[in-house]
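Participant: Here it is, the structure in full.
The values are calculated or read from the model by the stated rules, or taken from the named source; none is laboratory data. Being a predicted model, the structure only gives us computed values, none of them experimental. FYI the Cβ positions are ideal-geometry reconstructions off the backbone, even for glycines, and counts take in every protein chain you see. Areas reflect the complete protein model, heavy atoms only, side chains present, ligands, DNA and RNA absent. Shrake-Rupley method; radii C 1.70, N 1.55, O 1.52, S 1.80 Å.
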Amino acid sequence: MKKRILLLLLVIPALIKAQDVMTETRQELTSPDGAYRFTFYQRAVGEDNAQMYYTLTYKNRPVIEESKLGVLIENQLFESALGIPNDTCHFWCENLKLTGTEHQKTDERWKPVYGERAEVRDCYNEMTLKFKKGEGKGNRDGGYDKRKNYFMNIIVRAYNEGVAFRYLFPEHPNAIYHKVIADDTEYTFEKGAQTWCASWAQGIYKQLSIPEWKGIYERPMTIGLPNGLWVSIADADVADWCLSRFKKNIQKQNTISTDMYDVVDVVTPGKTPWKAILIAETPGKLLDNNDMILNLNQDCTLDFSWVKPGKILREITLTTENAIECIDFCVEHNLQYILFDGGWYGHATTFRADASYVSVPIDLAKVIAYGKERGIGVWLYVNQHALQKHAKTLFPLYREWGIVGLKFGFVQYATHRWSVWMHDLVKLAAENQLMVNIHDEYRPSGFSRTYPNLLTQEGIRGNEEFPDATHNTILPFTRLISGAADYTICYYDKRLKTTHAHQLAASVIFYSPLQTLFWYDKPSFYNNEPEITFFENLPTVFDDSTVLLGEPGKQVFMARRKKDDWFVGGITNNNGSNEIITLNFLEPDKTYLAIVYTDDENERTSTHVKCSSFLTDSSQQMKFKLKPSGGVAIHFVPVMRGERIKYKKYKGQWL
């Protein structure tokens with residue numbers, strides 16, 4: 001026993017010394033409103049090394065506890081260029097010497113080509129931490145001394161919506177080549193933090209504490225903290241990187257580590273994606289603040305005035321006759337596009353398929369001409385195989401045909417090579433004035449700001465898999481934080497696990513500049529249901545958007561404004577709920593006609609949606625008894641002074 005006590009006494013001082021904070025390295029950055037505080041510092045590790053760490057607080061409340069920073073590089077070419085033995089090929093962010101810091105402020109506003117808001121504020125404080133490879137002992141032939149010419153920066157931005165940082169490899173006279181093999185960035189949270197996890201982009205979400213993790217999970221990752229705060233950790237500007245996800249750190253409790261799908265080749269100057277950390281006091285505020293992801297991407301510098309958001313109908317029979325019928329249906333119900341989905345050029349999942357001609361009985365030229373005559377554009381599905389093989393010749397051909405947009409299918413994306421290929425393909429489409437919708441596993445990271453012809457993408461478990469209502473209430477606070485989602489709204493399909501009012505509301509909640517409606521439906525399914533008017537009036541891009549209330553797995557109510565009209569969508573989970581919303585988002589001192597669509601089994605239509613209308617204003621509340629898996633959709637139309645209205649005044653009754 002005495003020997004064991006003596007051993008502990010000998011070890012404890014060593015542990016304390018190994019964890020000493022190097023106070024001279026401590027640097028802090030606060031947000032413009034003072035709410036966020038990012039603190040950087042290094043700790044001594046052994047005699048000659050130092051490890052980088054950070055913490056993050058919001059209004060002096062802990063968000064991220066001490067967490068490690070850094071990347072792992074393996075590069076014999078790099079070491080050869082600096083005269084380091086080739087067998088010393090692992091290099092990480094230890095023993096980097098902080099040589100200086102730079103600070104700057106930005107506060108500007110920009111107008112996106114389209115979006116959830118007509119104007120975006122980009123306001124942040126920035127700190128650049130500059131590092132040089134330090135000198136030390138222990139490496140053969142003075143390896144550390146030979147690496148004195150290695151530099152790395154960490155750029156940190158503090159917004160009023162959250163904090164973001166990235167690693168930067170500055171320009172080097174030798175054009176140094178790096179192979180980044182791991183990302184050592186950590187996120188340590190308070191014990192009891194709850195996460196909403198999906199194993200793949202189209203997966204089902206589970207609510208888990210970090211110790212319960214048993215796999216690798218998707219970004220964005222939403223976390224509810226025991227102190228009441230909500231956090232979302234995401235990536236931005238991932239056009240030149242591989243897919244990153246999250247895994248449990250098995251050595252450190254309640255810690256999320258970064259998982260790189262693939263190695264990444266970087267030639268200086270180079271940079272990692274931004275690591276964005278959004279923080280809010282309510283889950284809805286996380287979604288309200290998602291412009292931060294766009295702000296972390298480059299502005300567009302080309303003319304994208306030809307990009308036209310809108311609603312699209314899939315033509316599922318692949319015949320000329322039905323395509324003409326679909327165009328007429330679009331004209332009648334204010335949709336702007338039709339899509340010929342997979343199969344129009346044959347079996348698409350083979351390199352033998354030729355996407356330069358139509359292999360089914362469609363007179364495509366006739367359909368395109370008829371659509372142009374009636375103001376309806378035509379989109380085509382093109383699979384990964386054809387894109388990889390013939391994109392450079394196909395895209396000019398499609399523009400010559402009069403095609404307005406392409407849906408990319410089953411694309412490769414996770415590796416560095418395929419990520420670069422995918423984003424280059426969007427650029428090539430822009431050169432040919434083709435809009436793009438990427439399906440399957442592609443995840444957004446704000447690239448649509450730089451190339452707005454990328455209208456939307458899947459990367460979501462939508463109506464192709466017929467998810468339940470509880471899943472749908474999780475999506476706005478997880479997947480939708482990173483950007484638009486082609487959820488593929490269904491209406492008449494009997495496989496739906498939600499009510500029809502739920503589907504109406506989803507078209508408001510699930511933002512997509514290219515909004516797919518009637519995914520599995522035909523025009524003949526329509527039987528004059530009055531609630532289709534809501535789809536007809538609904539725009540796909542907005543001047544303002546805000547979450548009225550919500551929590552993942554429970555409910556969500558979203559309000560969006562286009563000019564003077566407001567559109568509200570509310571959905572509940574599998575169990576149903578009673579909800580009350582306050583109408584203070586409406587313009588004060590103005591009367592609105594509220595057109596409300598609710599589930600009602602007494603309605604005689606096959607969809608059982610009740611339509612009611614009444615007058616209301618910003619001083620009112622609305623009360624809803626939402627049935628299990630149900631929802632409500634509302635269109636608020638301002639009433640002009642002197643306009644004669646015969647509708648009753650809303651008196652706060654339950655609907």
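Participant: Using modelled amide H (1.01 Å from N, peptide plane; none on Pro or chain starts), what sits under 5 Å from the amide H of residue 304, excluding residues fewer than 5 places away?
Facilitator: Correct list: empty.
Participant: With +1 on each Lys and Arg Cβ and -1 on each Asp and Glu Cβ, how big is the dipole of region 261-309 about its Cα centre, in debye rounded to the nearest 20?
Facilitator: With only Lys, Arg, Asp and Glu charged at Cβ, the dipole is about 40 debye.
Participant: So which DSSP H runs in the chain come out at 20 Å plus along the axis (Cα) with average Kyte-Doolittle of at least -1.0?
Facilitator: 2-18, 384-401, 416-431
Participant: For region 332-456, what's the relative contact order in percent, using C-alpha pairs closer than 8 Å and at least 6 residues apart? Don't jump to the answer; show the numbers that get you there.
Facilitator: On the way: 182 pairs, mean separation 26.4, N = 125.
21 percent.
Participant: Net charge within 11 Å of residue 130 by Cβ-Cβ distance, Lys/Arg positive one each and Asp/Glu negative one each, not counting residue 130 itself?
Facilitator: Result for the local shell: +1.
Participant: Follow-up. Quick check: Cα centre of region 28-60 to Cα centre of region 153-187, how many Å?
Facilitator: Centre-to-centre (Cα) distance: 15 Å.
Participant: Sticking with this one: If only Cα atoms are counted, what is the Rg of region 522-655, and what is its Dmax, in Å?
Facilitator: Cα only, region 522-655: 14.9, 44 Å (Rg, Dmax).
Participant: For region 524-639, calculate the relative contact order in percent as a whole number, restricting contacts to Cα pairs under 8 Å that are 6 or more residues apart.
Facilitator: 30
Participant: Moving to a separate point now. Between the alpha-carbon centers of region 225-297 and region 391-406, tell me the distance in whole angstrom.
Facilitator: 35
Participant: Here's a follow-up. When the accessible area of region 561-611 is split by element with a 1.4 Å probe, what percent falls to carbon and sulfur?
Facilitator: 38
Participant: Find which of 304, 266, 430 sits farthest along the positive direction of the dipole of the chain, computed with +1 on the beta-carbon of Lys and Arg, -1 on that of Asp and Glu, about the Cα centre.
Facilitator: Ranked along the dipole, the leading option is 266.
Participant: Explain nothing, just compute: Karplus ³J(HN,Hα) = 6.51 cos²θ - 1.76 cosθ + 1.60, θ = phi - 60°, for every residue of region 185-198 in order, whole Hz, x for Gly and Pro.
Facilitator: Per-residue couplings from phi come out as 5, 10, 9, 9, 10, 4, 4, x, 4, 9, 10, 10, 10, 10 Hz.
Participant: Charges at C-beta only: +1 for Lys and Arg, -1 for Asp and Glu. How large is the resulting dipole of region 401-476 about its Cα centre, in Debye rounded to 20?
Facilitator: Dipole of region 401-476, to the nearest 20 debye: 280 debye.
Participant: Averaged per residue, what accessible area in Å² does region 221-325 show with a 1.4 Å probe, protein chains only? Numbers along the way, then the final one.
Facilitator: Details: 3740 Å² over 105 residues.
Ligands and nucleic acids excluded, the figure is 36 Å² per residue.
Participant: Using each residue's phi in region 568-585, evaluate 6.51 cos²θ - 1.76 cosθ + 1.60 at θ = phi - 60° and report the 3J(HN,Hα) Karplus result to the nearest Hz, with x for Gly and Pro.
Facilitator: 10, x, x, 10, 10, 8, 5, 8, x, 6, 9, 10, 10, 10, 9, 8, 6, 6
Participant: How charged is the neighbourhood of residue 226? Take every other residue with its Cβ under 11 Å from the Cβ of residue 226, and add Lys/Arg as +1 and Asp/Glu as -1.
Facilitator: Every neighbour counted, the sum reads +1.
Participant: Further, regarding this structure: Compute the normalised compactness of region 489-562: alpha-carbon radius of gyration over 2.2 N^0.38 Å, N being the residue count.
Facilitator: That ratio works out to 1.16.
Participant: When the Kirkwood hydrodynamic radius is evaluated over all pairs of different C-alpha atoms of region 324-462, what value in angstrom, to one decimal, is obtained?
Facilitator: The Cα-based Kirkwood calculation yields 15.5 Å.
Participant: Rounded to the nearest 5, what is the percent of antiparallel bridges among the DSSP beta bridges in region 568-655?
Facilitator: Rounded to the nearest five, the antiparallel share is 95 percent.
Participant: Quick one: pull the percent of accessible area on region 154-300 belonging to carbon and sulfur, 1.4 Å probe, ligands and nucleic acids left out.
Facilitator: Whole-percent figure for carbon plus sulfur exposure: 47.
Participant: While we're looking at this one, here's another question. Which of the listed residues, 566, 549, 396, is farthest toward the dipole's positive end in the chain, when Lys, Arg count +1 and Asp, Glu count -1 at the beta-carbon?
Facilitator: 549
Participant: So which chymotrypsin sites (Phe, Trp or Tyr not before Pro) in region 578-619 end up in coil per DSSP with only 10 or fewer other C-beta atoms within 10 Å?
Facilitator: When the chymotrypsin sites (Phe, Trp or Tyr not before Pro) of region 578-619 are filtered for loop state and at most 10 Cβ neighbours within 10 Å, nothing remains.
Participant: Can you figure out the FRET efficiency of residue 637 with residue 200, using R₀ = 35 Å and their beta-carbon distance, to the nearest 0.05?
Facilitator: For residue 637 and residue 200, the calculated efficiency is 0.25.
Participant: Stokes-Einstein D for the chain at 4 °C, 1.567 mPa s, Kirkwood Rh over Cα pairs, in µm²/s?
Facilitator: Using the Kirkwood radius from Cα pairs, D works out to 48 µm²/s.
Participant: If R₀ is 35 angstrom, what is the calculated FRET efficiency for the pair residue 110 and residue 227, using the beta carbon separation as r and rounding to 0.05?
Facilitator: Numbers: r = 34 Å, r/R0 = 0.97.
Efficiency for this residue pair is about 0.55.
Participant: Okay, moving on. How about region 274-365: which chymotrypsin sites (Phe, Trp or Tyr not before Pro) there are in a DSSP loop, with at most 13 other Cβ atoms within 10 Å of their Cβ?
Facilitator: Listed in order of number, the matching sites are 306, 351, 357.
Participant: So what's the net charge close to residue 477: Lys and Arg +1, Asp and Glu -1, counting the other residues with Cβ under 12 Å from its Cβ?
Facilitator: +1
Participant: Here is a follow-up. What's the center-to-center distance, using Cα atoms, between region 598-616 and region 533-581 in Å?
Facilitator: Rounded to whole Å, the Cα centres lie 17 Å apart.
Participant: Given the Cα-Cα distance of residue 33 and residue 99 and 0.36 nm per residue of separation, how much length would full extension add, in nm?
Facilitator: So the extension gain works out to 20.9 nm.
Participant: With the other protein chains left in place, how much accessible area per residue, in square angstrom, belongs to region 539-612 at a 1.4 angstrom probe?
Facilitator: Per residue, region 539-612 has an accessible area of 42 Å².
Participant: Let me ask something else about it. Measuring from label point to label point, each 7 Å out along Cα→Cβ, what is the residue 66 to residue 352 span in nm?
Facilitator: With each label placed 7 Å out from Cα toward Cβ, I get 6.3 nm.
Participant: Among 286, 326, 313, which residue has its Cα positioned farthest towards the positive end of the charge dipole of region 215-327, with +1 placed on the Cβ of Lys and Arg, -1 on the Cβ of Asp and Glu, and the dipole taken about the Cα centre?
Facilitator: The one lying farthest along the dipole's positive direction is 286.
Participant: Report D for region 457-602 in µm² per second (integer): Stokes-Einstein, Kirkwood Rh on Cα pairs, 4 °C, 1.567 mPa s.
Facilitator: Numbers: Rh = 15.8 Å.
D = 82 µm²/s.
Participant: Okay, next question. What FRET efficiency would be calculated for the residue pair residue 20, residue 546, taking the C-beta separation as r and a Förster radius of 41 Å, to the nearest 0.05?
Facilitator: E between residue 20 and residue 546, to the nearest 0.05, is 0.30.
Participant: For the chain, what is the charge dipole size about the Cα centre, in debye to the nearest 20, if Lys and Arg each add +1 at the Cβ and Asp and Glu each add -1 at the Cβ? Don't jump to the answer; show the numbers that get you there.
Facilitator: Working: 76 positive and 79 negative charges, 282 e Å.
It works out to roughly 1360 debye.
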